1. Provide the FRET efficiency to the nearest 0.05 for the Gln129-Arg390 pair, computing r from the beta carbons and using R0 = 51 Å.
2. Whole angstrom only: what separates the Cα centroid of the range 232-267 from the Cα centroid of the range 83-129?
3. Along the positive direction of the dipole of the range 1-154 (beta-carbon charges: Lys, Arg +1; Asp, Glu -1; about the Cα centre), which of Ala13, Ala127, Ala145 reaches farthest?
4. Of Leu376, Leu428, how do they rank once you tally other Cβ atoms within 10 Å and put the fewest first?
5. Quote to one decimal, in nm, the extra length available between His319 and Leu398 on full extension: 0.36 nm per residue of separation minus the C-alpha distance between them.
6. If the chain between Ala252 and Asp94 were fully stretched, how many nm would it gain, using 0.36 nm times the residue separation less the Cα-Cα distance?
7. Can you tell me the length gained on complete extension of the stretch Leu428 to Ala362, counting 0.36 nm per residue apart and subtracting the Cα distance?
8. Would you list, by chain and number, the lysines whose Cα falls below 18 Å from the Cα of Lys426, excluding same-chain residues fewer than 8 positions away?
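Rule-based calculations on the coordinates, nothing more; no lab input. All figures in this text were calculated on a predicted structure; none of them were measured in a lab. Backbone-built Cβ (ideal geometry, glycine too); neighbour counts: all protein chains shown.
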Amino acid sequence: MSLLVVGLSHRSAPVSVLERAALAPDAQVKLLQDTLAAEPATEAAVLATCNRIELYADVDKFHAGLAELSTLLAQHSGVGLDELTPYLYVHYEDRAVHHLFSVACGLDSMVVGEGQILGQIKDSLAAGQELHTAGRLLNDLFQQALRVGKRAHSETGIDRAGQSLVTFGLEQLAAGEPVADWARNKNALVIGAGSMSSLAAATLARAGVAEIAVANRTAARAERLVEILTQPGSTGVRARTVEMGALAEELADADIVVSCTGATGLVLTADMVGAALAERTARTAAAAGAAAGADGPGRAEPQAFLDLAMPRDVDAAVHRLGAAVRLVDIESLAEASADAPMAADVDQVRTIVSDEVAAFGAAQRAAHITPTVVALRAMAADVVRSEVTRLEGRLPGLGEKERSEITRTVRRVVDKLLHAPTVRVKQLAGEPGGAGYADALRELFDLDPQTVAAVSRADLNDTDGVGRGRV
């Protein structure tokens with residue numbers, strides 16, 4: 001295993017750099033394809049979220065792989081390599097496994113313990129499988145990371161240490177008031193229909209908002225989200241779709257706006273928000289005047305914006321529109337989460353991660369020797385067949401019953417001779433430094449390297465997983 005990860009996150013880079021380096025879906029696909037085309041890499045996967053960009057690869061040379069992956073990240077992110085390099089972190093082999101398992105458990109999240117990252121890891125794996133850039137190593141790694149993350153959430157109280165970015169962001173907007181009380185009977189506008197936006201819509205529906213309008217560039221996805229929100233037995237919230245081109249008109253009716261799209265430019269400009277604010281102020285003044293005999297304009301509650309996109313969807317200049325607007329974005333969430341207390345369960349999760357990393361490494365090392373053991377047994381079977389054939393030539397009158405008994409006896413002898421060494425060598429191979437036992441076995445039994453390679457290729461092509469347990 002020569003696993004290498006190169007990336008940057010909210011822990012290593014300022015939000016301004018993360019925002020510029022964010023990868024659109026098309027850029028992620030091209031990055032995967034170019035990484036696989038690069039000489040040092042045989043597998044690749046990209047984990048890109050609102051606060052991290054990580055490139056995983058199986059490389060044959062560390063230094064060449066590091067240089068290539070760093071260069072590719074710079075090229076596809078659009079941030080120069082010299083500027084990007086100080087913010088990059090690098091993990092190799094067991095440290096790379098430890099990093100991904102920690103990420104899967106929410107230990108490396110902006111809000112410790114949040115579970116949204118599991119869905120993003122699953123999406124990353126699915127993309128690698130669809131593009132055929134994830135082979136045996138990365139498939140095993142990401143699937144195990146998902147299992148480790150689920151184990152951490154089921155066996156510990158890590159969920160108490162933090163929430164999803166959606167929940168945390170809404171709590172920041174509510175400014176100390178329970179989200180359910182703050183959001184009740186408000187109108188919400190959700191921009192985007194991906195996993196984060198869908199989670200936001202569901203959270204707001206449970207909090208008791210009166211209506212949710214969903215806007216998305218792909219209308220079918222917006223319609224699907226509305227269908228889920230309004231299906232029988234759900235929260236009963238009113239929900240409808242709106243055109244992206246109608247956002248300027250919809251803004252004035254929204255008390256809460258959540259945006260998380262993959263757009264590379266601003267979705268809501270300060271001018272759009274300012275115009276909506278002016279209309280809302282005029283409506284409030286008219287309503288107050290009608291109700292109180294025009295004794296003076298009323299004062300509306302601040303319009304709330306939660307921007308979970310990277311790069312940002314909502315113009316940062318919205319902050320300057322005054323107290324009538326409240327904006328929480330990735331940058332302000334990072335500042336707020338820095339002071340969040342760590343739960344005692346975090347230590348338990350760290351223990352789980354360490355144990356799982358050790359187990360994964362042992363399993364990978366043991367799997368490395370499997371093709372050699374299979375090739376050895378195949379060679380032994382060939383020897384048995386050859387000797388039985390030779391015996392038949394020397395004893396042409398040998399009956400079928402005697403021939404079958406002799407064949408079974410020879411096979412039992414060979415199996416018994418090979419059983420203890422092959423079991424023991426697999427056990428030893430699981431220990432640190434155990435990869436050398438495969439080389440020793442090949443040398444001692446003079447195994448043909450091409451035969452071993454053929455077994456390895458067959459095992460890699462065994463998509464149903466049967467080949468992994470043949471020995």
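1. 0.60
2. One Cα centre to the other: 29 Å.
3. Checked the options; the winner is Ala145.
4. Leu428, Leu376
5. That pair, His319 and Leu398, stretches by 18.9 nm at full extension.
6. 51.7 nm
7. 22.8 nm
8. Lys416
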